[in-house]
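A.B. asks: So that we are looking at the same thing, I have put the structure below in structure tokens.
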Amino acid sequence: MPHPEPLVLIPGLMADARLFLPQMVQLGATRAMQVVLPTKGETVEQMSEAILPGLPEKFALLGHGLGGDIALDLIRRVPDRVTRVVLMATDPLSEPPQAAAAREARIVAARSGRLAEAMWQEIPLSAIVAADWRDEIMALVQDMAMGLGEGVFLRQSRALQRRPDQQKTMRRVKLPVLVIAGEADTLVPMRRQEFTANLMPYGKLLVIEAAGHLASLEQPEVVSKAIEDFLAGPMMLR
């Protein structure tokens with residue numbers, strides 16, 4: 001049997017490989033996994049350009065948030081190298097002025113030494129479902145952010161502010177696409193994630209119950225199984 005294509009995982013804002021640790025544990029036994037952190041560049045396009053040289057010749061993609069935006073830009077650049085894509089908590093449209101202005105206040109806070117405060121505003125308690133493990137997830141969010149530091153926060157925040165509208169790319173994505181949305185995600189509205197799935201010719205939306213913005217950690221077994229089943233599907237549709 002041929003080996004399945006590697007899975008490239010791109011975490012979102014101020015997250016590292018631990019965002020996908022449950023999935024790496026479950027899927028890593030049968031598939032090569034590569035986590036790439038978008039830490040270089042100040043736009044989505046610059047970040048995808050920096051990531052590209054280290055990627056396999058053929059690969060599947062999984063992106064969360066900013067990582068999902070970068071995944072879409074990679075598809076725009078090298079559509080023949082990507083076999084399928086999973087988008088989680090991804091907003092593929094450009095950032096509205098009001099949201100960009102609110103982000104600017106968080107940038108100012110981080111620049112003045114208040115990165116922890118900025119992260120509490122970026123991913124507030126309300127973005128995670130009320131469960132026994134919510135405090136542990138919030139502590140991990142802070143730990144990942146502190147590990148990456150202020151400079152990465154500033155660059156990634158700028159990239160989100162300047163992110164392109166990717167509707168044109170999405171309409172052309174002739175790949176299997178799974179959009180995973182936490183039903184209680186307060187940061188990326190469900191209607192936006194439905195739009196993302198519907199705009200792509202082979203897009204499918206999967207709503208994860210009892211999960212918010214970080215479904216990979218909130219419902220790790222359900223998310224891992226969904227990704228595993230999706231990756232076991234047809235290699236290409238074109």
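The values are calculated or read from the model by the stated rules, or taken from the named source; none is laboratory data. Owing to the predicted nature of the structure, the values given are computational and were not obtained by experimental measurement. A quick note on method: Cβ atoms are made from the backbone with ideal geometry, for glycine too, and the neighbour counts reach across all protein chains shown. SASA here: full protein model, heavy atoms, side chains in, ligands and nucleic acids out. Shrake-Rupley method; radii C 1.70, N 1.55, O 1.52, S 1.80 Å.
A.B. asks: Restricted to segment 15-33, and to residues that are of a type in the set (S, T, N, Q) and open to solvent by 50 Å² or more (accessible area, probe 1.4 Å), which residue is modelled with the lowest pLDDT?
C.D. replies: Among those residues, the one meeting the criterion is Thr30.
A.B. asks: Please state which of the following conditions Ala211 fails to meet, knowing it meets all the rest: (1) touching a Pro at 6+ places or on another chain (Cβ under 9 Å); (2) hydrophobic (A, V, I, L, M, F, W, C); (3) under 27 Å from Pro96 (Cβ atoms).
C.D. replies: All conditions are met except number (1).
A.B. asks: Go through (1) at pLDDT 95 or above; (2) farther than 24 Å from Glu104 by Cα; (3) surrounded by fewer than 18 Cβ atoms within 10 Å (Cβ to Cβ) one by one and return the number of the condition Glu218 breaks.
C.D. replies: Glu218 satisfies all of (1) at pLDDT 95 or above; (2) farther than 24 Å from Glu104 by Cα; (3) surrounded by fewer than 18 Cβ atoms within 10 Å (Cβ to Cβ) except (3).
A.B. asks: May I ask you to verify whether Val129 is β-branched (Val, Ile, Thr), part of a loop (DSSP other than H, G, I, E, B) and open to solvent by less than 10 Å² (accessible area, probe 1.4 Å)?
C.D. replies: The answer is no for Val129.
A.B. asks: In segment 138-186, which residue that is farther than 19 Å from Ile123 by Cα and of a type in the set (S, T, N, Q) is surrounded by the fewest Cβ atoms within 10 Å (Cβ to Cβ)?
C.D. replies: If we take residues in segment 138-186 being farther than 19 Å from Ile123 by Cα and of a type in the set (S, T, N, Q), then Gln167 is surrounded by the fewest Cβ atoms within 10 Å (Cβ to Cβ).
A.B. asks: In segment 176-187, is there at least one residue being within 15 Å of the chain's Cα centre (by Cα), of a type in the set (Val, Ile, Thr) and part of a loop (DSSP other than H, G, I, E, B)?
C.D. replies: no
A.B. asks: Being closer than 24 Å to Ala215 by Cα and either out of contact with any helix residue (DSSP H, G or I) (no Cβ under 7 Å at 6 or more places or on another chain) or open to solvent by 60 Å² or more (accessible area, probe 1.4 Å) (or both): is that true of Gly12 here?
C.D. replies: no
A.B. asks: Does Ala226 satisfy the criteria of being in a helix (DSSP H, G or I) and either of a type in the set (Ser, Thr, Tyr) or closer than 12 Å to Val85 by Cα (or both)?
C.D. replies: Spelling it out, it is not the case that Ala226 is in a helix (DSSP H, G or I) and either of a type in the set (Ser, Thr, Tyr) or closer than 12 Å to Val85 by Cα (or both).
A.B. asks: Which count do you get for residues in segment 34-76 that are open to solvent by 30 Å² or more (accessible area, probe 1.4 Å) and closer than 17 Å to Asp16 by Cβ?
C.D. replies: 7
A.B. asks: Could you check, for segment 77-91, whether at least one of its residues is touching a residue at least 60 places away in the same chain (Cβ under 8 Å), among the acidic types (Asp, Glu) and open to solvent by less than 10 Å² (accessible area, probe 1.4 Å)?
C.D. replies: Quick first cut of segment 77-91, residues touching a residue at least 60 places away in the same chain (Cβ under 8 Å) only: 79, 82-91.
Then drop every residue that is not among the acidic types (Asp, Glu), which leaves 91.
Of the ones still in play, those that are also open to solvent by less than 10 Å² (accessible area, probe 1.4 Å) are none.
Checking segment 77-91: not a single residue is touching a residue at least 60 places away in the same chain (Cβ under 8 Å), among the acidic types (Asp, Glu) and open to solvent by less than 10 Å² (accessible area, probe 1.4 Å).
A.B. asks: Could I ask something else about it? Going through Ala226, Ala210, Ala215 one at a time, which residue ends up being under 26 Å from Pro124 (Cβ atoms), among the hydrophobic types (A, V, I, L, M, F, W, C) and within 15 Å of the chain's Cα centre (by Cα)?
C.D. replies: One residue alone meets the criteria, Ala215.
A.B. asks: Another question, if that's okay. Check whether at least one residue in segment 37-57 is at pLDDT 95 or above and closer than 21 Å to Pro234 by Cα, and report yes or no.
C.D. replies: yes
A.B. asks: Under 18 Å from the mean Cα position of the chain (by Cα), among the hydroxyl-bearing types (Ser, Thr, Tyr) and farther than 15 Å from Val152 by Cβ, is that true of Thr83? Walk me through it before giving the result.
C.D. replies: On the way: under 18 Å from the mean Cα position of the chain (by Cα): yes; among the hydroxyl-bearing types (Ser, Thr, Tyr): yes; farther than 15 Å from Val152 by Cβ: yes.
For Thr83, the condition - under 18 Å from the mean Cα position of the chain (by Cα), among the hydroxyl-bearing types (Ser, Thr, Tyr) and farther than 15 Å from Val152 by Cβ - is met.
A.B. asks: Still on this structure: Of (1) outside any helix (DSSP H, G or I); (2) in contact (Cβ under 8 Å) with a residue 40 or more places away in the chain; (3) open to solvent by 40 Å² or more (accessible area, probe 1.4 Å), Leu205 satisfies all except one. Which?
C.D. replies: Every listed condition holds for Leu205 apart from (2).
A.B. asks: If you take the residues of segment 86-118 that are of a type outside the set (S, T, N, Q) and assigned to a loop (DSSP other than H, G, I, E, B), which of them is nearest to the chain's Cα centre (by Cα)?
C.D. replies: Within segment 86-118, the match that is nearest to the chain's Cα centre (by Cα) is Ala89.
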